[in-house]
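Right, one structure below, let's go through it.
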Amino acid sequence: MKTILNKWSKNQVFWPIVIFLIILLFNGIVSKGEFFRMSIVDGHLYGRVIDIFRNGSKLVILAAGMTMVLATGGTDISVGSVMAISGAIACSIVDQRILPGLGGNVGAAVIIAVIAGIACGLWNGLLVAKIKIQPIVATMILLVAGRGIAQLITNGKIVTVTSDAYYFINGGYILGLPFPLFILIFLVGALILFTRKTAFGLLLESVGCNPLASKFAGIKVDFMLLGIYTISGAFAAVAGLIESAGIKGADCNNAGLNIEMDAILAVAIGGTNIMGGRFSIPASIAGALIVQGITTSVLALGVPAAYIRVLKATLIIVICLSQSGKFKELFKSRKVSNQRGAVKEQ
Amino acid sequence: MGNENKLLKMSNISKAFGKAVIALDDVELELDRGEILALLGENGAGKSTLIKVLTGVEERDTGVVLLDGKEIHPKSTQEAQNVGISTVYQEVNLCPNLSVAENIYIGREPKNRFGSIDWKKINADAKELLKKFDLDINVTKNLDHYSVAIQQMIAIARACDIDAKILILDEPTSSLSTAEVKKLFEIMRKLRSEGMGIIFVTHFLDQVYEVTDRITVLRNGQYVGSYLTAELPKVELVGKMIGKDYASLGESTVTKKDSVSREEGEELIELSNVSGSGTIQNFNLKISKGEVLGLSGLLGSGRSETVRVMFGIDPMQKGEIRYKKSPLHLKYPLDAIRKGMSFCPENRKTEGIIGDLSIRENIMLALQTKKGIFRKITNKEAQELADEYIKKLDIKTPDADQLIKNLSGGNQQKVILARWLATNPELLMLDEPTRGIDIGTKAEIQKIVIDLAEQGMAVIFISSELDEMLRCCRRMIVLRDMKQVGELSGKEISEEAVMRIMAGGESK
């Protein structure tokens with residue numbers, strides 16, 4: 001028993017999950033159990049915990065893609081803007097503002113929006129892998145330009161849609177569970193399987209640790225980067241669809257605003273090295289749930305929303321400290337000097 | 001002799017990294033005033049760690065360090081410097097984008113009466129200082145304007161100028177020319193006569209006998225002993241360093257070479273008129289199975305450039321490469337790997353190891369890329385592979401889960417070699433496979449190379465050390481200034497012949 005716990009506690013995903021459970025537990029205690037109450041209305045499950053998963057689904061999807069980008073030693077700060085583009089395209093098609101020939105077909109709108117996300121990802125990937133621009137600068141281009149592109153698509157207006165089929169993407173239920181949860185499980189599950197059941201994960205970690213030596217060992221580093229930025233773009237497009245279906249329209253200025261930072265935060269909480277190398281997508285999922293859990297619980301407890309940012313900042317400090325070698329050394333040397341002191345006293 | 005007479009006395013020093021890797025185990029070291037001490041040992045013997053403990057880079061777990069009879073506990077190189085321990089590291093660790101003078105006086109800039117930095121004095125002093133080292137260079141130019149050798153001299157000058165009691169030179173000569181080494185030794189002798197204690201770490205045994213007074217030997221993190229240089233014959237020294245008799249090791253490889261059969265194997269790869277972009281010109285080369293071909297030449301003569309083109313790292317501008325008689329087009333190293341080629345690059349740290357991955361992962365990497373990402377090597381297969389090569393190549397590690405960066409240089413090199421042998425290659429290209437590696441491992445690697453060739457592998461061998469080349473290669477192509485200038489085979493190969501061609505004589 002003890003050894004199993006020992007083994008688990010060494011796993012990267014252990015502490016993020018523990019922290020997430022602590023957040024849930026804290027809420028449960030403060031709200032005297034109210035937080036955990038689930039109700040079934042029309043065969044649909046409602047409750048705060050379900051809210052975390054539904055509202056957090058976007059962030060989880062983004063964090064999964066971001067994990068791979070960060071594992072290469074890069075970053076993708078354009079995901080929020082890609083979400084805006086994808087939402088703008090999908091809503092404009094459903095509302096028959098663009099491509100009226102499709103007759104507002106939701107399926108076509110979703111596919112085209114995802115293709116747009118893939119195109120954005122490819123663009124980022126080309127800049128990083130082929131033209132060798134630093135990732136933060138390369139993806140900043142789309143961060144800035146993306147919302148402009150989205151506004152060009154919507155003519156600068158907020159496009160509202162009336163389509164139950166489109167609303168389903170965020171508000172739908174299957175087997176009593178919210179639909180975004182299924183999207184999340186499908187996409188992120190596929191990604192986890194792809195990275196761990198093939199050699200992709202190992203090669204990615206190798207590239208993240210030492211791209212030059214990886215190249216010499218036969219890894220096509222630029223193809224790999226291209227693929228990873230493309231996946232990140234595609235995932236961002238899906239997140240954009242969920243977001244716009246949730247607000248029933250495309251708001252180019254606010255869709256996915258600043259969410260790239262939350263996604264990076266989620267990965268960092270998960271313990272993936274931001275400088276590249278070892279990564280864990282499950283740990284990033286737990287990290288995203290922690291970020292979402294904080295937001296949801298602050299709202300649930302009726303604390304002013306401004307505290308969310310302060311709490312996140314606190315969290316960042318804690319993570320930085322827990323990952324800092326210097327900080328650990330400080331602790332260690334204090335222990336050592338205590339021991340030394342003890343020896344001298346003898 | 002009492003402790004108070006010793007300048008430095010380190011005793012019972014132990015240091016472990018994690019639980020598994022014990023770098024130093026109860027090691028001692030003594031240094032007198034006005035003495036040059038050679039600190040010797042194989043790679044992984046613990047020399048670097050001992051130096052790091054002394055200079056405050058690493059903290060010792062146990063032990064006592066007495067400087068002038070007083071215990072010191074430096075926690076940073078700065079602290080070590082303040083108590084009088086000055087160090088020159090193997091790799092130049094100055095700032096390439098600052099001027100030479102700035103580099104020399106960084107952190108202790110002389111101020112003028114207004115409290116701002118006195119640039120005139122800095123530049124004049126720097127020039128004066130470097131003159132002592134016979135370096136007459138423009139000290140206001142950026143450091144990276146000068147060659148590595150000059151940078152190394154500047155680093156040494158800086159270390160000597162700091163008011164130090166102890167000067168540590170960690171393999172300072174590996175990038176210096178003979179004349180520069182001579183100059184360095186003159187300065188070392190001068191500093192010795194001024195009463196400074198010098199610790200000199202090197203792989204070159206000739207230099208040990210030329211300049212040092214005493215020798216301290218470490219092996220596998222343990223203290224072997226200290227000896228007066230004049231009283232310890234070289235053969236015995238080598239024996240103490242590697243823990244076995246070097247003479248027999250050397251013989252076994254030499255006899256191997258002579259017993260290699262002379263008949264030609266099947267032709268494997270042929271380069272005709274190959275030129276790289278801005279590198280090698282009109283290169284022709286043929287190699288057959290079971291042959292060890294040497295590429296000789298000075299640094300920058302085009303040795304590495306040739307194999308880089310052959311492995312698809314650098315683009316080929318013109319010419320043709322034929323592999324088993326059919327034309328070969330290389331876009332990526334993977335194209336070469338799939339054909340059966342392999343390449344241990346020159347810079348182990350930056351081009352070879354994936355530092356944060358385990359030994360197992362480092363070994364399986366090339367085989368995995370060769371198989372493609374969808375045919376994943378299972379954990380069990382990877383473990384077997386790793387265990388097999390750890391045993392076969394005698395890689396010194398507790399298990400395959402250790403991060404490769406925790407291994408010593410020689411063992412890292414063996415892992416890289418294992419990585420390529422795991423792909424079952426037909427052609428093995430080794431660029432400086434024994435650089436910075438101790439004699440014992442060096443001989444082991446040479447033996448592996450010769451054995452592999454006997455089993456039918458074609459090997460291209462590049463090394464700056466001529467006697468290593470003579471020991472391993474049956475045929476040798478000599479390069480100069482990116483051009484092929486001569487080819488020697490069999491009995492023609494001799495130190496004089498190779499050097500003559502390298503230096504610009506005729507090939508006959």
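The values are calculated or read from the model by the stated rules, or taken from the named source; none is laboratory data. All values derive from a computational prediction rather than experimental measurement. No Cβ is skipped: glycine too gets one built from the backbone with ideal geometry, and neighbour counts run over all protein chains shown.
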For this session: Identify all residues within the range B:311-343 that are buried (at least 22 other Cβ atoms within 10 Å of the Cβ) and within 9 Å of chain A (Cβ to nearest Cβ); write none if there are none.
Result: B:Phe311, B:Pro333, B:Ala336, B:Ile337, B:Phe343
Exercise. Just checking, how many residues over the range B:198-209 are farther than 16 Å from B:Ile51 by Cβ and touching a Lys or Arg at 6+ places or on another chain (Cβ under 9 Å)?
Worked result: 4
Exercise. Is at least one residue of the range B:301-310 β-branched (Val, Ile, Thr), within 18 Å of B:Met457 (Cβ to Cβ), in contact with a helix residue (DSSP H, G or I) (Cβ under 7 Å, 6 or more places away or on another chain) and within 14 Å of chain A (Cβ to nearest Cβ)?
Worked result: no
Seminar exercise, completed: Among the residues of the range B:382-405, the number that are under 19 Å from B:Glu42 (Cα atoms) and either assigned to a loop (DSSP other than H, G, I, E, B) or away from chain A (no Cβ under 14 Å) (or both) is 7
For this session: Name the one entry in B:Ile363, B:Ile313, B:Ile337 that is closer than 30 Å to B:Ile390 by Cβ, in a loop (DSSP other than H, G, I, E, B) and under 30 Å from the mean Cα position of the chain (by Cα).
Result: B:Ile313
Exercise. Would you pick out the residues in the range A:10-35 that are in contact with a Ser or Thr (Cβ under 7 Å, 6 or more places away or on another chain) and part of a loop (DSSP other than H, G, I, E, B)?
Worked result: A:Gln12, A:Val13
For this session: Among the candidates B:Ile359, B:Ile363, B:Ile354, single out the residue that is surrounded by 20 or more Cβ atoms within 10 Å (Cβ to Cβ), in contact with a Ser or Thr (Cβ under 7 Å, 6 or more places away or on another chain) and more than 7 Å from every other protein chain (Cβ to nearest Cβ).
Result: B:Ile359
Problem set entry | Answer from B:Val449, B:Val459, B:Val498 - the residue that is within 30 Å of B:Leu218 (Cα to Cα) and crowded, with 20+ Cβ neighbours inside 10 Å | B:Val449
For this session: State whether one or more residues within the range A:40-63 are surrounded by fewer than 14 Cβ atoms within 10 Å (Cβ to Cβ) and hydrophobic (A, V, I, L, M, F, W, C).
Result: yes
Seminar exercise, completed: Listed by range, helices (runs of 4 or more DSSP H) wholly within the range A:134-222 having at least 1 residues that are away from chain B (no Cβ under 14 Å) and crowded, with 21+ Cβ neighbours inside 10 Å are A:135-154, A:164-171, A:179-197
Exercise. Could you list, in sequence order, the residues of the range B:366-381 that are among the hydrophobic types (A, V, I, L, M, F, W, C), in a helix (DSSP H, G or I) and at the interface with chain A (Cβ under 9 Å from one of its Cβ atoms)?
Worked result: B:Ala366
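Conditions (1) in contact (Cβ under 8 Å) with a residue 24 or more places away in the chain; (2) farther than 30 Å from A:Asn210 by Cβ, marked per residue:
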| residue | (1), (2) |
| --- | --- |
| A:Ala63 | yes, no |
| A:Met66 | yes, no |
| A:Asp76 | yes, no |
| A:Ser86 | yes, yes |
| A:Ala90 | yes, yes |
| A:Ile93 | no, yes |
For this session: Would you be able to tell me the number of residues in the range B:427-448 that are in contact with an Asp or Glu (Cβ under 8 Å, 6 or more places away or on another chain) and either basic (Lys, Arg) or part of a helix (DSSP H, G or I) (or both)?
Result: 7
Exercise. Quick check: is even one residue across the range A:267-288 in a helix (DSSP H, G or I), crowded, with 24+ Cβ neighbours inside 10 Å and aromatic (Phe, Trp, Tyr)?
Worked result: no
For this session: Would you check if there is a residue in the range B:394-401 being free of Cβ contacts under 8 Å to residues at least 40 places away in the same chain and of a type outside the set (S, T, N, Q)?
Result: yes
For this session: Mind counting the residues in the range B:475-492 that are surrounded by fewer than 19 Cβ atoms within 10 Å (Cβ to Cβ) and either outside the structural domain of B:Gly456 (by TED's automatic domain parsing) or outside any strand (DSSP E or B) (or both)?
Result: 4
Seminar exercise, completed: Over the range B:147-186, the set of residues at pLDDT 80 or above and part of a loop (DSSP other than H, G, I, E, B) is B:Ala164, B:Lys165, B:Glu171
